[in-house]
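Asker: Once you've had a glance at the structure underneath, I'll fire off some questions.
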Amino acid sequence: MKNFRFKAVYKYLTFMLFMLSLLTFIPPMIYSIYIEDEELLSFIFPVFISLFLFSLSAPIKIQRLTEKEALFVAVSIWFLFPALTSISYVISGYIPDPIDAYFESVSGFTTTGASILNDIEVLPKSVLFMRNLTNWVGGLGFAVFAVSFLSTKLPIGKAIVKFEASKIVEEKIEPRVKEVTKIVFSVYILLTATQIILMKIAGVNWYDAFTFTFATVATGGFAPYNQSAGVFHNFAVEIIITIFMVLGAINLQLYYLVYKKKSLKVFFKDQEVVVYLSIIGLSVLFATAILYIKGYYYSLYDSFRFSLFQIVSAATTTGFSTTDYSGWHYSVLALMMIIALIGAVGGSTGGGIKIYRLIVIGKTIYGEIKRIAHPKVVYRLIIKGKPVDNSTLNMFWAFLSLYLLTILISGFILTLGDHDLITSFSASIACITSLGPSLADVGPASNFAGFSDFEKLVLSFEMIFGRLEIIPVISLLFFREL
């Protein structure tokens, strides 16, 4: 490929692999030593592999990447680092199959929360600690960690962050990418520390406080117990997790604006946040009413308690559960899948299509109806006080088309393996939206172990597609033309 500098790209890739391996494996390594569970090799080996690969790049001169090269690095790291992490699972012996290990790793880093484990609790605590840490690292994004958390002289910032789906750091905040990523990282740390302290005050031990917090603020949904968040049987803990799922699903840059302007009004002046909270509120009321009226729970309190948690878990694409909701009324299950597909606020750790795209769809429909009623009226699409140009709209419709097409193709592939329609398409939606547990054979009381190796790879790639919001990954298919 003309003008593509493989050596420069290799240096960036191996640098990020090594730094991310330190972040992912050192904490559980220390914990393993502390509890003496003899899992040290599971964490040391991946670190040494990444160090060896990075050491080979020592003679390569540091160079600033072009956008094409940055695109390749930003996308490739999401396929490569889960592969490195899967080695840890394989060495531990608890997930010996490489495909299963890769699926579990991808699910962690993409904050999907889907699992192939039949019994989560048989894994050593240090391995489960690492498993939940993958949620936390993936929630903020590899490039954001590389820019904000890691001290480096590599010019790694704007280009790579731009192509990491702009999930946390939006393109429009350029050119001060490093400053903004540091702000976002600080907010992420603050949310994490606050939830850990609140969980401890609520009576949760330190291990559970850390592991559940990692998966909550990242809206990842991994839990170190088979019962997920239902293991606590504690409404106070459920409320804490519920609040922080919502906080993680709101644009992290807004927290800095709240701090800067010393006013919570910033949240309620943001159109996305208002729409998002309205969807959650109305969905909770609907689910509570249906579950109570239809007799699923005898008390209004229980109907509200379980509805609140599961609706928020779905709307934030976290995937935690406090009960086996697979037997709930079909209308509530359908609602949960719809709000998971819509997803969270842009610039958050949540997945889905995103609220701002829902707003674009709504305003576009309104504009077309207005044009039909008043042909001479000139209607301009305005989002957050700014007009949306045609190129942005074209990108929006391209994304939405590819998103839905990916769901359909993946769901169809799963039906070829004799899986029923609900299992196939709910699994596809759950993976691309980062929801995790879904319906039927992949519901809260089940897992993804029933899929073949090929199907697990399809779902793993779909998780990465959803995490990177498809366009950057698809762009690699036309790499020669970029």
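Asker: Dipole of the chain, Cα-centred, from +1 at each Lys and Arg C-beta and -1 at each Asp and Glu C-beta, to the nearest 20 debye?
Answerer: Details: 37 positive and 32 negative charges, 576 e Å.
The dipole of the chain has a size of about 2760 debye.
Asker: Could I ask something else about it? If you wrap segment 13-100's Cα atoms in a convex hull and average its projection over all directions, what's the area in nm²?
Answerer: The directionally averaged projection comes out at 6.4 nm².
Asker: Still on this structure, I have one more. Counting pairs of Cα atoms in the chain, how many percent are more than 43 Å apart?
Answerer: The calculated P(r) of the chain puts 12 percent of pairs beyond 43 Å.
Asker: Pairs Lys182/Lys261; Lys354/Lys376; Lys200/Lys265; Lys262/Lys363; Lys354/Lys456: which exceed 27 Å Cα-Cα? Write down the numbers at each step before the final one.
Answerer: Numbers: Lys182/Lys261 18 Å; Lys354/Lys376 32 Å; Lys200/Lys265 30 Å; Lys262/Lys363 31 Å; Lys354/Lys456 25 Å.
In this structure, Lys354/Lys376; Lys200/Lys265; Lys262/Lys363 lie more than 27 Å apart at Cα.
Asker: Can I ask one more? Choose one of Asn205, Tyr325, Phe79: the residue whose Cα lies farthest towards the positive end of the charge dipole of the chain (beta-carbon charges +1 Lys, Arg; -1 Asp, Glu; about the Cα centre).
Answerer: Working it through, the farthest residue towards the positive pole turns out to be Phe79.
Asker: Mind grabbing the base-10 log of I(q)/I(0) for segment 384-460 at q = 0.13, 0.21, 0.25 Å⁻¹? Debye formula, identical points on the C-alpha positions, no solvent, two decimal places.
Answerer: Debye output, listed in q order: -0.46, -0.85, -1.12.
Asker: Could you work out the longest stretch of the chain that avoids the GluC sites (Glu not before Pro) located in DSSP loops with at most 13 other Cβ atoms within 10 Å?
Answerer: 39-482
Asker: Shifting gears a bit: Projected area of segment 328-383, taken from the Cα convex hull and averaged over every viewing direction, in nm²?
Answerer: Taking the Cα atoms of segment 328-383, their convex hull projects to 5.3 nm² on average.
Asker: Going by the alpha-carbon gyration tensor, a ≥ b ≥ c the square roots of its eigenvalues, is segment 246-339 rounded (a/c under 1.5) or, if a/c is not under 1.5, prolate (a/b greater than b/c) versus oblate?
Answerer: Verdict is prolate for segment 246-339.
Asker: Near Pro82, within a Cβ-to-Cβ distance under 14 Å, what is the net charge of the other residues, with Lys and Arg +1 and Asp and Glu -1? Before the final figure, lay out each step's value.
Answerer: On the way: positive: Arg131, Lys456, Arg467; negative: Asp100, Glu104, Glu462.
Overall, the nearby charge balance is 0.
Asker: Helix by helix, which DSSP H runs in the chain go 20 Å or more along their axis at the Cα atoms and have an average Kyte-Doolittle hydropathy of 0.5 or more?
Answerer: 6-35, 40-55, 67-92, 177-201, 271-293, 300-315, 355-373, 390-415
Bear in mind these aren't lab numbers, they're just calculated from the coordinates by the rules spelled out. The model shown is predicted, which means the values in this text are computed figures rather than measured ones. Virtual Cβ from ideal backbone geometry, glycine too; neighbours counted across all protein chains shown.
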